[in-house]
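Undergrad: Sharing a structure below in structure tokens format, with a few things to ask.
The values are calculated or read from the model by the stated rules, or taken from the named source; none is laboratory data. Please read these numbers as outputs of a predicted model, since none were measured by experiment. Using ideal geometry, Cβ is built from the backbone for each residue, glycine included, and neighbour counts are taken over all protein chains shown.
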Amino acid sequence: MLFWKKLGKHQFELFADYHQFYLQDETAKGDLSDSWTQQATDDLLAVAPCTIGVGTVRNMKVPVEVIVQDSPPNNDFEKWDHVVDCSLDVPSGIIVVAGCTDYFPDAARIKVKPGGYNARIYYGGLDTLSEDGLEGDDHYHVYLWPGQPRSVMVLKRRK
């Protein structure tokens, strides 16, 4: 099990099998099978209790940065292709960060104060894929900060 301090930046290279990766409470089941509706696919985000599924444009390893902080990030969306807000409940105080087919006991973990978090997911480089879809400069940043539950809201939609 890997743990990091509560606040700060955590970088990962995750296998985005089925074009997604997860952030979820350690005790959550992580089942997003019914959550990937057409709307969720369009929004590149599926949610279930204590689980967020971030959609990706590649079905390969992708760079992911998770930033845990005390306050919301800035609203500068200029360099990002797509930005979405949602919530993540973390009653155990441990967030698992993994590709959806990763072996969860070996997945990375971030220790946080138990409770509710708001999440803002920034998607960059979405239009940089090679013709075969295997290479690209797509990257994903997830900001987490304490907050009240909120519905999924697309703040900037990919064109």
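Undergrad: List, please: which pairs have Cβ atoms under 7 Å, are six or more places apart or on different chains, and start with a residue in the stretch 90-117 that is within 17 Å of Val64 (Cβ to Cβ) and end with one that is acidic (Asp, Glu) and assigned to a loop (DSSP other than H, G, I, E, B)?
TA: Val96/Glu26; Arg109/Glu26
Undergrad: Quick one: in the stretch 113-147, which of the residues that are hydrophobic (A, V, I, L, M, F, W, C) and either touching a helix residue (DSSP H, G or I) at 6+ places or on another chain (Cβ under 6 Å) or modelled with pLDDT of 95 or more (or both) is farthest from Val54 (Cα to Cα)?
TA: Looking at residues that are hydrophobic (A, V, I, L, M, F, W, C) and either touching a helix residue (DSSP H, G or I) at 6+ places or on another chain (Cβ under 6 Å) or modelled with pLDDT of 95 or more (or both), I get Trp145.
Undergrad: Something else about it: Would the stretch 24-36 turn up any residue that is buried (at least 16 other Cβ atoms within 10 Å of the Cβ), closer than 17 Å to Leu126 by Cα, in contact (Cβ under 8 Å) with a residue 12 or more places away in the chain and not polar (S, T, N, Q)?
TA: Checked against the condition, which is being buried (at least 16 other Cβ atoms within 10 Å of the Cβ), closer than 17 Å to Leu126 by Cα, in contact (Cβ under 8 Å) with a residue 12 or more places away in the chain and not polar (S, T, N, Q), the stretch 24-36 yields no hits at all.
Undergrad: How many of the residues in the stretch 72-123 are farther than 17 Å from Leu7 by Cβ and aliphatic (A, V, I, L, M)?
TA: Of the residues in the stretch 72-123, 6 are farther than 17 Å from Leu7 by Cβ and aliphatic (A, V, I, L, M).
Undergrad: If you go through the stretch 47-62, how many residues are assigned to a strand (DSSP E or B) and either modelled with pLDDT under 95 or over 22 Å from Lys159 (Cβ atoms) (or both)?
TA: 6
Undergrad: May I ask you to list the residues in the stretch 112-126 that are in a strand (DSSP E or B) and within 16 Å of the chain's Cα centre (by Cα)?
TA: Those that are in a strand (DSSP E or B) and within 16 Å of the chain's Cα centre (by Cα): Gly116, Tyr117, Asn118, Ala119, Arg120, Ile121, Tyr122, Tyr123, Gly124.
Undergrad: Related question: Would you check if there is a residue in the stretch 7-25 being within 14 Å of Tyr143 (Cβ to Cβ) and in a loop (DSSP other than H, G, I, E, B)?
TA: Yes, the stretch 7-25 contains a residue that is within 14 Å of Tyr143 (Cβ to Cβ) and in a loop (DSSP other than H, G, I, E, B).
Undergrad: Does the stretch 44-64 contain any residue that is under 13 Å from the mean Cα position of the chain (by Cα), of a type outside the set (Gly, Ala, Ser) and surrounded by fewer than 18 Cβ atoms within 10 Å (Cβ to Cβ)?
TA: Yes, the stretch 44-64 has at least one match.
Undergrad: Here is a follow-up. Specify which of the listed residues (Asp34, Asp43) is modelled with pLDDT of 95 or more, of a type in the set (D, E, K, R) and farther than 26 Å from Val112 by Cα.
TA: Asp43
Undergrad: Here is a further query. Could you say which residue among Leu129, Leu134 is over 12 Å from the mean Cα position of the chain (by Cα) and surrounded by 12 or more Cβ atoms within 10 Å (Cβ to Cβ)?
TA: Leu129
Undergrad: Could I ask something else about it? Would you point out the residue of the stretch 73-106, among those that are part of a strand (DSSP E or B) and out of contact with any Phe, Trp or Tyr (no Cβ under 9 Å at 6 or more places or on another chain), that is surrounded by the fewest Cβ atoms within 10 Å (Cβ to Cβ)?
TA: Here the residue is Asp85.
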